[in-house]
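Everything below concerns the one structure shown next.
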Amino acid sequence: MTKAELIEAIARSTRQPKKQVAATVELAFDQIARSIRKEKRFWMPGFGTFTVRRRRARPGFNPRTNAPMTIPAARTVGFRPAPPLRKGL
């Protein structure tokens, strides 16, 4: 599902204007992103948890040249689904 499809589905089910739904969706995702940045975690019961995860530096290779290289350490966002969501898959 794309963002546009999400907005369309919410607008249809709530009978709200797409502009208003789009602003609400955008605001919700901005707040989730802020929470992940500030608190390193966002938890929504029944859906799951987004957390900041650290990746260690690791060996790899450049796909163009096949030259070996070290992929630097990085932070990324991980997601762990809640049991009700996992059961429904």
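For the reader, a short list of remarks on this structure follows.
- Going through (1) exposed (fewer than 10 other Cβ atoms within 10 Å of the Cβ); (2) among the small types (Gly, Ala, Ser); (3) modelled with pLDDT under 95 one by one, Ser35 falls short only on (1).
- Of the helices (runs of 4 or more DSSP H) lying entirely inside the chain, those containing at least 1 residues that are touching a residue at least 24 places away in the same chain (Cβ under 8 Å) span 18-39, 83-87.
- Any chance Ala11 is surrounded by 11 or more Cβ atoms within 10 Å (Cβ to Cβ) and at pLDDT 95 or above: yes
- Top-ranked residue in region 60-84 [being under 25 Å from Gly46 (Cα atoms) and touching a strand residue (DSSP E or B) at 6+ places or on another chain (Cβ under 6 Å); ranked as most open to solvent (accessible area, probe 1.4 Å)]: Arg80
The values are calculated or read from the model by the stated rules, or taken from the named source; none is laboratory data. Treat the numbers as computed from the prediction; the structure is a model and nothing was measured. Heads up, the Cβs are rebuilt from the backbone with ideal geometry, glycines too, and the neighbour counts pull from every protein chain shown. Side chains are part of the model used for accessible areas, which takes the heavy atoms of the whole protein and leaves out ligands, DNA and RNA. Shrake-Rupley method; radii C 1.70, N 1.55, O 1.52, S 1.80 Å.
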